[in-house]
Amino acid sequence: MPVVRTTLVACAFLLAVPAAAADDDRPFWHPDAGTPAERFELAKRTEPELVAFLRRFPKGADLHNHAGGAIYSDYVIDAARVNGLRYDPVARRFTAGEEAHTVSLDELEADAAMLKAFFETVSMRGWYPNTDDGHYHFFQTFSYLGSAQRTETQRLTEIVRRNRYQNVNYLELMALPTPTEALSRFYRVSWTLDLDDLAASLAPFEPLIDDPVVHASITAWLDERAAEISTELGLSPPLGEPGSDIALGYIGSLLRTGTMERFFVGAVYTFTAMRADDRVVGLNIVAPEDHPASRRQFDDQMRVLDFLWERFDRPAITLHAGELTLRYAPVASMWDRIRRSIDEGHARRIGHGISVAWERDVVGLLEQMARDGVLVEINITSNESILGVRDDRHPFEMYRRAGVPVCLTTDDEGVSRSNLTMEYVKAVMRYDLGYDDIKTISRDCLEYSFLPGGVKGERMAMLETAFTDFEASLVSGYREHQ
């Protein structure tokens, strides 16, 4: 009887397997490979097949992308060459100087050891688990990336080009419009920060908040970037116009580790920019959350955001919160960081959220996030390299089981040597996601974006059309124009 029982169970299992999944010899693009979901199961057999499937899969948005860390070091070298710079192998930076120890770009590229050291300094290319501290390595890269003197347009164009290739509908980039004529006026204001009287602290800035000259300069900066990117990439319609195959929003970033005065001015300027132009869609806080200054100033930063959020008519905020583990932070930093970022910082989305299990009343918090639609921006690659968190140590499935919406995002795709496709690939392979799962995630990324309502509706309709076209291409041989 045990043999019969085993046989019956095995037969029942085989009957339950979709026909496409049971036929291992067909590629997922075979005309008879079945439904999109069955084809997806075929693609999951190997990573290359999954990459080929997911690279063209329509992705609603990348909502957590630091423009400064999205730059690939390969293009940094190209820019340094165009700008006529040399390389300083001691400082590991590009320079206009010609000191004896500097080398030409030709010499840099001809020296394998020197080139390897450069790439490993400015990215996670040389980092592997357990080789050194990924957290330290990651955050040190940013001090080197700017020395090639690339323009803002060159950096943004690189990011947009890469994401168009991956069928990404919308990008929210942590990159703030900074026209000199607008930003400098905020930093020339004579004022004093009084955390017990924030209204008085804000008063000297009030004339600038609705100043038409400030607003016009911010809009002009955005218009210029959009025109330059569109020209460089040959976009038609141009970036920002209805029907453009990719849209771009900007999120202002405040530094956790700087002074509270700079934090306050930066928040006022960012909220002003959001009022000036709806392409500036939100505000965030950046820098290591475990840094001593981040821990000491968290209370004051939440107080400032709470006050300004009300003053500026409740603008959109997304906050890095819970990018912490016991290796880098005491538990006291984790038992209310996410909840307070939502309740006091008014975050409509949470970036990372790794330490959620340590929160007081975690069940109540997850219920609140599910009820109120507080999405979590999941950064699989950076969470692994920076915090050492992956697989079942990651709360990705905990959020999903609790009904909290999630979005797969890149964080710093250039530094991490990743992209949005690979974030989907890793999530699928590690958590056995199905086709309906990734469609839901893709839709939620766009649905929980900070796009204005009318534009969001247009982009959502474009995403659904993209799904239809993608699924039709699976049946018709999965060909694409070269």
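Being at pLDDT below 95 and aromatic (Phe, Trp, Tyr) holds for only one residue in Tyr144, Tyr165, and it is Tyr144.
Let's see how each residue does on (1) more than 18 Å from the chain's Cα centre (by Cα); (2) under 27 Å from Ala316 (Cβ atoms):
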| residue | (1), (2) |
| --- | --- |
| Ala148 | yes, no |
| Thr151 | yes, no |
| Gln154 | yes, no |
| Arg161 | no, yes |
| Asn169 | no, yes |
| Glu172 | no, yes |
| Arg185 | yes, yes |
| Arg188 | yes, no |
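Would you check which residues across segment 78-123 are part of a loop (DSSP other than H, G, I, E, B), in contact (Cβ under 8 Å) with a residue 12 or more places away in the chain and among the small types (Gly, Ala, Ser) and list them?
Filtering segment 78-123 down to residues part of a loop (DSSP other than H, G, I, E, B) leaves 83-85, 89-92, 96-102, 104, 111, 123.
Keeping just the survivors that are in contact (Cβ under 8 Å) with a residue 12 or more places away in the chain gives 83-85, 89, 92, 96, 98, 101-102, 104, 123.
Correct list: Gly84, Ala96, Ser104, Ser123.
State all residues of segment 321-335 that are among the charged types (D, E, K, R) and buried (at least 19 other Cβ atoms within 10 Å of the Cβ); if no residue qualifies, say none.
Glu323
A count restricted to segment 453-463 and to residues that are out of contact with any strand residue (DSSP E or B) (no Cβ under 8 Å at 6 or more places or on another chain) and either over 16 Å from Ile246 (Cβ atoms) or β-branched (Val, Ile, Thr) (or both) stands at 3.
Would you mind finding the one in Ala200, Ala226, Ala216, Ala247 that is in the same structural domain as Gly351 (by TED's automatic domain parsing), out of contact with any helix residue (DSSP H, G or I) (no Cβ under 9 Å at 6 or more places or on another chain), surrounded by 13 or more Cβ atoms within 10 Å (Cβ to Cβ) and among the hydrophobic types (A, V, I, L, M, F, W, C)?
On inspection, the qualifying residue turns out to be Ala226.
Take the conditions (1) without any contact (Cβ under 8 Å) to a residue 60 or more places away in the chain; (2) under 27 Å from the mean Cα position of the chain (by Cα); Ala203 misses just one of them, which is (2). The single condition from (1) at pLDDT below 95; (2) under 30 Å from Gln149 (Cβ atoms) that Asp24 fails is (2).
Considering the conditions (1) closer than 15 Å to Met274 by Cα; (2) surrounded by fewer than 12 Cβ atoms within 10 Å (Cβ to Cβ); (3) β-branched (Val, Ile, Thr), Thr192 is excluded by exactly one of them, (1).
Looking only at residues in segment 389-412 that are of a type outside the set (A, V, I, L, M, F, W, C) and without any contact (Cβ under 8 Å) to a residue 40 or more places away in the chain, the one that is farthest from Thr325 (Cα to Cα) is Gly403. Evaluated against (1) over 21 Å from Pro395 (Cβ atoms); (2) out of contact with any Ser or Thr (no Cβ under 9 Å at 6 or more places or on another chain); (3) among the small types (Gly, Ala, Ser), Ala276 falls short on exactly one condition, (2). Residues in segment 272-292 that are modelled with pLDDT under 95 and either among the small types (Gly, Ala, Ser) or on the phi > 0 side of the Ramachandran plot (or both): Ala287 only.
Just the residues that are among the β-branched types (Val, Ile, Thr) and in contact with a helix residue (DSSP H, G or I) (Cβ under 6 Å, 6 or more places away or on another chain), please, taken from segment 152-167.
If the condition is that a residue be among the β-branched types (Val, Ile, Thr) and in contact with a helix residue (DSSP H, G or I) (Cβ under 6 Å, 6 or more places away or on another chain), then Thr153, Thr157, Val160 are the ones that fit.
When we screen Gly126, Gly69 for residues that are buried (at least 18 other Cβ atoms within 10 Å of the Cβ) and touching a Phe, Trp or Tyr at 6+ places or on another chain (Cβ under 9 Å), the only hit is Gly69.
The set of residues in segment 181-195 that are over 17 Å from His215 (Cα atoms) and among the hydroxyl-bearing types (Ser, Thr, Tyr) comprises Ser190, Thr192.
Gly240 meets all of the listed conditions (1) at pLDDT below 95; (2) loosely packed, with under 14 Cβ neighbours inside 10 Å but one, namely (2). In the set (1) of a type outside the set (A, V, I, L, M, F, W, C); (2) touching a residue at least 12 places away in the same chain (Cβ under 8 Å); (3) exposed (fewer than 15 other Cβ atoms within 10 Å of the Cβ), the condition left unmet by Gly457 is number (2).
Candidates are the residues of segment 436-454 that are closer than 20 Å to Val376 by Cβ and over 19 Å from the mean Cα position of the chain (by Cα); the one that is surrounded by the fewest Cβ atoms within 10 Å (Cβ to Cβ) is Asp436.
Yes/no matrix, rows are residues, columns are (1) surrounded by 24 or more Cβ atoms within 10 Å (Cβ to Cβ); (2) in contact with a Ser or Thr (Cβ under 9 Å, 6 or more places away or on another chain); (3) assigned by TED's automatic domain parsing to the domain that holds Arg164; (4) aromatic (Phe, Trp, Tyr):
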residue: Val356; (1), (2), (3), (4): yes, no, yes, no
residue: Ala370; (1), (2), (3), (4): no, no, yes, no
residue: Leu387; (1), (2), (3), (4): no, yes, yes, no
residue: Thr410; (1), (2), (3), (4): yes, yes, yes, no
residue: Glu423; (1), (2), (3), (4): yes, yes, yes, no
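The values are calculated or read from the model by the stated rules, or taken from the named source; none is laboratory data. Worth saying up front: this structure is predicted, and the values here are computed from it rather than measured. Every residue, glycine as well, gets a Cβ built from its backbone with ideal geometry; the counts of neighbours run over all protein chains shown.
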